[in-house]
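Notes for the one structure printed next.
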Amino acid sequence: MDRKAALNETMQAAVAAGFGIPSQWDALQGGRVNRVFLAQVPSGRLVFKFFDTKRSNLLFPNDIDGEERALAVLSDTQLAPRLRGRFDTKAGPCLVYDYVEGAVAKRTTVPAIDALSKLHAQAPTRGLRALDGSPSALIEQGLRFLASDTSDRAAFLMANVPAVSRVPDAKVCFLHGDPTPANTVMRPEGGVTFVDWQCPAIGDPVHDLAIALSPAMHAIYGASPLVPKDHDILLEAYGNADVIAHYRVLAPLYHWRMACYCQWKTRSGEAEYAAAGVAEFS
């Protein structure tokens, strides 16, 4: 038996021990970090998310504790799946939640931005990481991604750090942390549920908006970047003039930081991030 088959057997055995023998076991597409499966067990259709504890980075941590906390507090809001449990296995820790029926979004839409606005109005749960969204922190993060990179692309990014106006501190809120189209499920009855909550945080709402509108994140998942008119429509749908104004000031720096992240991913061997980084900032 090869390693992949053995690992799959280990995961199914762990599920059977706690939830009953699955009559359906399908790998879910879209996750780039963890192993995620849809299983039909006696109690219903559940998602079993096995975490790769070695896969985490500065911008997108892979935090099972954070995801568990987020799902626990949001389970009754439809903004997140309903949490069903957690257990440890030889294949890594596993989080269990209800499967959300619907279509995964191809692009960020008005319903997704509306759902972000509703999320940001929720009281944050305790224990989530706190993000520093100040210009100095964003620059420091970007430069950390470029550390020891002697490429022409890194030199370009280091020489073109956007200068932004001083902005007042934003009111911190509950953040998804990675609200890309791939993590957005459009429910058949209308509305949006976000999945893949391994990066939740408390911080500036601009963080989520910048990722939801990111050209790079659209490119990575096979969608064309949003055009300026799309940005205007989506920002208007957010419905908070102060946050929108804050976003417009800081957006160049958020684009730059994302480009630095893409450059780091490219250096790590994920070649598709090279073009995504150029789409983000050039």
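The values are calculated or read from the model by the stated rules, or taken from the named source; none is laboratory data. Just so it is clear, the model here is predicted, and its values are computed rather than measured. As a convention, Cβ positions derive from the backbone with ideal geometry for all residues, glycine included, and neighbour counts pool all protein chains shown. The area values use the complete protein model at the heavy-atom level, side chains included, leaving out ligands, DNA and RNA. Shrake-Rupley method; radii C 1.70, N 1.55, O 1.52, S 1.80 Å.
To two decimal places, what compactness ratio does the range 209-282 give when its Cα radius of gyration is scaled by 2.2 N^0.38 Å?
After normalising by residue count via 2.2 N^0.38 Å, the value is 1.14.
How many nm is it between the label spots at V227 and M158, if each spot is 7 Å from the Cα in line with the beta carbon?
With each label placed 7 Å out from Cα toward Cβ, I get 3.8 nm.
Just the Cα atoms of the range 124-244, one point each, no solvent: what log10 I(q)/I(0) does Debye give at q = 0.16, 0.21 Å⁻¹?
Listed by q, the Debye log ratios stand at -1.01, -1.52.
Could you size up the charge dipole of the range 135-229 around its Cα centre, putting +1 on the beta carbon of Lys and Arg and -1 on that of Asp and Glu, and report it in debye to the nearest 20?
Using Cβ point charges on Lys, Arg, Asp and Glu, the range 135-229 gives about 200 debye.
Computing the accessible area with a 1.4 Å probe over protein heavy atoms, can you report the carbon and sulfur percentage for the chain?
52 percent
Please list the helices of the chain that count as membrane-span-like by this rule: a mean Kyte-Doolittle hydropathy of at least -0.5 together with Cα atoms stretching 30 Å or more along the helix axis, each helix being a complete DSSP H run.
Both cut-offs are met by 241-267.
What whole-number distance in Å separates the alpha-carbon centres of the range 42-62 and the range 131-155?
Measuring centre to centre over Cα atoms gives 27 Å.
Could you give log10 I(q)/I(0) at q = 0.15 Å⁻¹ for the range 137-194, computed by the Debye formula over C-alpha point scatterers of equal weight, without solvent?
At q = 0.15 Å⁻¹ the computed log10 ratios are -0.77.
Would you mind checking the pairs K118/K171; K229/K265; K90/K265; K54/K90 and listing those with alpha carbons more than 26 angstrom apart?
Over 26 Å apart, Cα to Cα: K229/K265; K90/K265.
Given the range 37-129, report the % of alpha carbon pairs whose separation exceeds 19 Å.
Every Cα pair in the range 37-129 considered, those over 19 Å come to 51 percent.
Put a dot 7 Å past each Cα toward the Cβ at V104 and L143; how far apart are the dots in nm?
3.7 nm
Per residue, how large is the accessible surface of the range 1-147? Use a 1.4 angstrom probe and give square angstrom.
On a per-residue basis, 52 Å².
Of (i) 32, 22, 17; (ii) 40, 31, 18; (iii) 38, 35, 20, which one was derived for semi-axes √(5λ) of the Cα gyration tensor in Å from the structure shown?
Structure-derived value, by its label: (i).
Using a cut-off of under 12 Å, list every residue of the range 149-166 whose amide N is near the label point 7 Å from the Cα of A275 along the Cα-to-beta-carbon line.
In the range 149-166, the label zone of A275 (backbone N under 12 Å from the point 7 Å along Cα→Cβ) covers no residue.
By how many nm would the segment from S268 to A123 lengthen if fully extended, with 0.36 nm per residue of separation less the alpha-carbon distance?
Between S268 and A123, full extension yields 48.5 nm more.
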